[in-house]
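Asks: Questions regarding the structure given below will be posed in turn.
The values are calculated or read from the model by the stated rules, or taken from the named source; none is laboratory data. Remember, predicted model here, so these are calculated numbers, not experimental data. A quick note on method: Cβ atoms are made from the backbone with ideal geometry, for glycine too, and the neighbour counts reach across all protein chains shown.
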Amino acid sequence: MEKVTKVNETEKEIKRMADFTSPEDLYQELIAAVKKYHPSSDNSMIEKAYHIAKEAHEGQVRKSGEPYIIHPLCVAIILADLELDKETIVAGILHDVVEDTVMSNEEIRREFGSEVELLVDGVTKLGQLSYSHDKVDEQAENLRKMFLAMAKDIRVILIKLADRLHNMRTLQYMKPEKQKEKARETMDIYAPLAQRLGISKVKIELDDLSLKYLQPDVYYSLVEQISDKKSTREKFIQQIVAEVREHIDNSGIKARVDGRVKHFFSIYKKMVNQDKTLEQIYDLFAVRILVDNVQDCYAALGSIHEMYKPIPGRFKDYIAMPKPNMYQSLHTTLIGPNGTPFEIQIRTYEMHKTAEYGIAAHWKYKESGGSKERNVENRAEAKLTWLRQILEWQKDESDNKEFMSLLKSDLDLFSESVYCFTPTGDVKNLPNGSTPIDFAYSIHSAVGNKMIGARVNGKLVPIDYRIQNGDRIEVLTSQNSKGPSRDWLSIVKSTQARNKINQWFKSEFKQSNILKGKDMISQYCKMKSINHVDIMKAEYQEKVMRKYGFRDWESVLAAIGHGGLREGQVVNRLLEEFEKVNKKNITDDKVLENIIETGKDQKMKLTRSKGGIVVKGIDDVAVRFSRCCNPVPGDEIVGFVTRGRGVSIHRTDCVNVVNMNETERMRMIEAEWQGFSAGSGEKYATEITIYANNRTGLLVDLSRIFTERNIDLTGINSRLSKQGTATISVSFEISGTEELNRIIEKIRQVDSIIDIERAVT
């Protein structure tokens with residue numbers, strides 16, 4: 001009998017109070033509702049909350065003309081119907097006092113404790129969210145995430161759902177456009193949340209009320225059509241219920257059997273999805289069997305399948321595999337009399353309670369033991385159970401694949417992201433640890449560049465303030481702002497903000513960077529004894545611009561100034577181009593001059609030396625490769641007659657050769673590679689310098705290239721500039737320029753590589 005009574009209570013719709021009921025009557029109804037499920041409760045706290053809220057809302061009225069206190073009382077009655085604890089009911093009574101009256105969070109904490117204050121604060125923040133249907137997919141998803149992220153205690157959402165349910169019940173007093181707006185918001189945000197929390201009572205009513213205002217024609221047509229054939233359907237349901245009850249009783253199973261018509265929204269959804277009229281939908285109702293234990297569930301299922309023929313593929317075992325919102329039941333669709341299909345749901349009484357109340361069932365008053373510590377422990381365990389379940393949602397929700405982040409702490413659902421919103425209510429998703437600077441740049445780079453401060457929840461905060469879930473942020477800007485500070489780069493968390501700040505510095509200080517770049521090139525030329533005027537010709541500059549992807553020479557200079565390019569890179573490229581042209585100009589005259597001087601009858605001596613080098617004009621001389629440029633087969637080379645160490649072989653583009661004075665140039669001698677073969681097996685030392693944007697794994701990617709080609713590294717050195725540019729020197733042995741070029745080309749394909757040079761010391 002006790003179980004039947006409990007089921008009857010569960011089956012009731014959530015209590016709906018008549019409009020214009022006096023506050024005192026509503027309060028008495030609330031106390032009566034609480035005593036039904038917790039007779040021994042001390043209700044002094046609820047009474048205190050009622051009087052404080054009534055006083056705070058004094059003089060305020062709703063759109064209907066009723067005293068405002070009626071709304072929080074109705075919300076509290078809904079929460080009591082869900083059998084929630086007194087802290088939640090108190091918070092339901094007080095949920096609007098902070099936002100709509102002069103009462104503060106501190107006063108609530110002083111009067112009712114930190115738990116109630118946390119609940120009220122959470123509901124207040126959620127109430128400040130605005131919703132735009134124009135961005136339905138992105139916005140709805142972000143808001144769902146934010147609801148959970150903000151609700152450090154899930155009871156906050158339960159209060160908010162009760163608040164929305166009562167607002168939807170009294171929506172007729174709103175303007176038509178406001179009705180549609182609220183109904184759309186409810187359909188997109190609140191009903192899905194109620195479903196995910198497993199509170200089918202609330203979900204069903206929110207769905208039906210939303211449909212009523214969004215598509216009134218459809219709603220009232222369904223009401224009329226279902227009402228017309230009500231007697232026929234009820235007769236059919238009663239027949240099925242009677243047959244099932246008799247068969248179950250004959251099987252010796254104690255069970256309660258009843259039937260119900262499905263709610264309007266689910267019928268409408270089925271009509272849309274299956275493109276059918278109401279007459280074509282037969283399973284408008286379901287028969288429910290409630291038993292004592294799980295064994296009886298399966299026994300009842302077997303008995304039913306003996307009685308009616310099941311439809312293949314329409315059996316679901318949610319007992320063995322519960323839904324993520326904790327719902328458990330056996331579902332089977334059968335062929336009834338006259339070939340009409342209908343659904344049977346089989347579950348225990350406890351499962352039925354969870355199906356109706358969902359997560360709310362975890363926050364009921366605990367009668368066992370009577371210990372406060374036990375109650376706290378039980379509530380904490382319920383939360384943890386919920387958190388474990390919530391992680392499975394992402395597997396079940398195809399429309400919300402990224403609904404949950406990994407759980408890094410017990411009550412922090414979104415430790416990887418933080419959700420905040422603009423003064424207009426748009427939700428911003430930022431990396432955890434973000435600051436108002438990150439927020440400003442997420443809106444627009446112009447906002448970030450002109451930022452001078454920020455307000456969070458109406459209070460001024462420092463710019464390094466860490467944004468919390470639910471914060472409402474207002475960025476303060478000024479046209480007199482000189483732009484971002486370089487210190488911001490160490491404060492910001494998001495890559496987007498960091499890139500935009502760097503971008504600003506590059507463009508804002510372009511002129512000063514240009515001057516700095518000019519000076520750096522000039523200084524480098526002086527240090528290396530390079531004639532600055534010779535190399536600074538437009539045709540050489542054009543080659544450099546094309547090489548590094550710049551549109552004009554000033555951009556090259558600016559890049560040198562802010563550290564994006566090294567002055568040595570640019571000067572060496574200019575020098576290289578100068579040398580190419582200069583060689584062409586002097587070759588013919590020089591050759592003729594040499595021929596006249598040496599005489600036609602004089603034979604040139606050719607000496608073959610180390611590494612397949614042929615030195616012209618000198619016999620029996622020691623040959624060595626210079627370490628400053630490390631020439632390899634395939635390079636253009638030249639000999640230099642040293643004092644006492646034979647002939648030193650250099651690359652023709654070696655800086656030391658280029659910078660030789662006239663006296664030293666007299667000691668230069670022609671040399672070339674001869675008889676060289678790539679398959680000879682002989683190896684030559686070389687070194688390259690790699691310039692790259694620093695990142696994790698860069699050295700690993702580079703070393704992999706050498707490993708794949710069986711090239712042994714003889715040395716590697718890396719250094720990092722303040723601008724984040726890495727300079728990596730790599731020494732290794734190769735067979736010639738062909739192999740070297742292949743390696744360089746492969747390295748250029750690695751992510752973050754800026755440039756590669758043959759090393760010259």
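Asks: Please work out if ALA759 is among the small types (Gly, Ala, Ser) and under 14 Å from VAL632 (Cβ atoms).
Replies: Judged against the criteria, ALA759 is a match.
Asks: Looking at THR124, is it at pLDDT 60 or above, of a type in the set (Val, Ile, Thr) and over 31 Å from the mean Cα position of the chain (by Cα)?
Replies: So THR124 fails the test.
Asks: Pull out all pairs, ordered by first then second residue, where Cβ-Cβ is under 7 Å, the residues are six or more apart or on different chains, the first lies in the range 657-669 and is under 21 Å from LYS580 (Cβ atoms), and the second is assigned to a helix (DSSP H, G or I).
Replies: From residues that are under 21 Å from LYS580 (Cβ atoms), the pairs are VAL658/LEU575; VAL658/GLU579.
Asks: Just one of (1) at pLDDT below 85; (2) under 24 Å from THR652 (Cα atoms) trips up LEU574, so point out which.
Replies: The single condition LEU574 does not satisfy is (1).
Asks: Quickly run through the range 46-71 and pick out the residues that are surrounded by 17 or more Cβ atoms within 10 Å (Cβ to Cβ) and under 14 Å from ILE31 (Cα atoms). Spell out the reasoning first.
Replies: Of the range 46-71, the ones surrounded by 17 or more Cβ atoms within 10 Å (Cβ to Cβ) are 46, 49-50, 52-54, 56-57, 66-71.
Result: ILE46, ALA49, TYR50.
Asks: Can I ask one more? Take the range 527-579 and flag every residue that is farther than 28 Å from LYS722 by Cβ and surrounded by fewer than 13 Cβ atoms within 10 Å (Cβ to Cβ).
Replies: The answer is SER529, ASN531, VAL533, ALA538, GLU539, GLU542, ARG546.
Asks: Is it the case, given these coordinates, that LYS145 is at pLDDT below 80, outside any helix (DSSP H, G or I) and touching a strand residue (DSSP E or B) at 6+ places or on another chain (Cβ under 9 Å)?
Replies: no
Asks: Please go through the range 187-206 and pick out each residue that is surrounded by 22 or more Cβ atoms within 10 Å (Cβ to Cβ) and touching a Lys or Arg at 6+ places or on another chain (Cβ under 6 Å).
Replies: Result: TYR190, ALA191, ALA194.
Asks: In addition: For the subset of the range 228-244 comprising residues that are modelled with pLDDT under 85 and among the charged types (D, E, K, R), which member is surrounded by the most Cβ atoms within 10 Å (Cβ to Cβ)?
Replies: It comes out as ARG233.
Asks: Are there any pairs with C-beta distances below 8 angstrom linking a residue in the range 426-452 that is touching a residue at least 12 places away in the same chain (Cβ under 8 Å) and under 14 Å from ILE463 (Cα atoms) to a residue that is in a loop (DSSP other than H, G, I, E, B) and aromatic (Phe, Trp, Tyr), with the two at least 6 apart or on different chains, and if so which?
Replies: Cβ pairs passing all conditions: THR435/TYR465; PRO436/TYR465.
Asks: Select from the range 493-535 the residues that are in the same structural domain as GLY564 (by TED's automatic domain parsing) and in contact (Cβ under 8 Å) with a residue 60 or more places away in the chain and list them in ascending order.
Replies: LYS528, SER529, ILE530
Asks: Sticking with this structure for a sec: Please list, ordered by residue number, the strands (runs of 3 or more DSSP E) wholly in the range 411-507 having 2 or more residues that are surrounded by 18 or more Cβ atoms within 10 Å (Cβ to Cβ) and not charged (D, E, K, R).
Replies: On the way: elements: 417-421, 427-431, 451-456, 459-461, 473-477.
Fully inside the range 411-507 and qualifying: 417-421, 427-431, 451-456, 473-477.
Asks: Also, I was wondering about something else. Could you list, in sequence order, the residues of the range 327-352 that are outside any strand (DSSP E or B), crowded, with 19+ Cβ neighbours inside 10 Å and not small (Gly, Ala, Ser)?
Replies: Result: GLN328, MET351, HIS352.
Asks: Now for a separate question. With respect to GLN195, is the statement that it is modelled with pLDDT under 85, polar (S, T, N, Q) and within 30 Å of the chain's Cα centre (by Cα) true? It would help to see each step written out before you state the result.
Replies: Values: modelled with pLDDT under 85: yes; polar (S, T, N, Q): yes; within 30 Å of the chain's Cα centre (by Cα): yes.
Yes, satisfied.
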